[in-house]
Amino acid sequence: MVKHSGGKVGKAAKDLASSKTTKSQKSKAGQILKKHQDEKH
């Protein structure tokens, strides 16, 4: 998988990987990543 650093997608990936992230943040980050995957990969 290509590593995304910076930008909205990179931040979403970091949020998902972090254990400090709240559930709502995680679900939002998951949606961003899913949308990105659908569009770009």
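Look at Lys40 and say whether it is modelled with pLDDT of 85 or more, out of contact with any helix residue (DSSP H, G or I) (no Cβ under 8 Å at 6 or more places or on another chain) and open to solvent by 90 Å² or more (accessible area, probe 1.4 Å). In short, no. Of everything in the range 15-24, what is surrounded by 13 or more Cβ atoms within 10 Å (Cβ to Cβ) and assigned to a helix (DSSP H, G or I)? Give them in sequence order. Result: Asp15, Leu16. Screening Ser5 against (1) assigned to a helix (DSSP H, G or I); (2) modelled with pLDDT under 90; (3) open to solvent by 60 Å² or more (accessible area, probe 1.4 Å) leaves a single unmet condition, (1). Only a single criterion out of (1) modelled with pLDDT under 90; (2) open to solvent by 40 Å² or more (accessible area, probe 1.4 Å); (3) part of a helix (DSSP H, G or I) is not satisfied by Ser27, namely (1).
The values are calculated or read from the model by the stated rules, or taken from the named source; none is laboratory data. Model, not experiment: these values are computed from the prediction. Here the Cβ is made from the backbone with ideal geometry for all residues, glycine too, and neighbour counts use every protein chain on show. These accessible areas exclude ligands, DNA and RNA; they are computed on the full protein's heavy atoms, side chains included. Shrake-Rupley method; radii C 1.70, N 1.55, O 1.52, S 1.80 Å.
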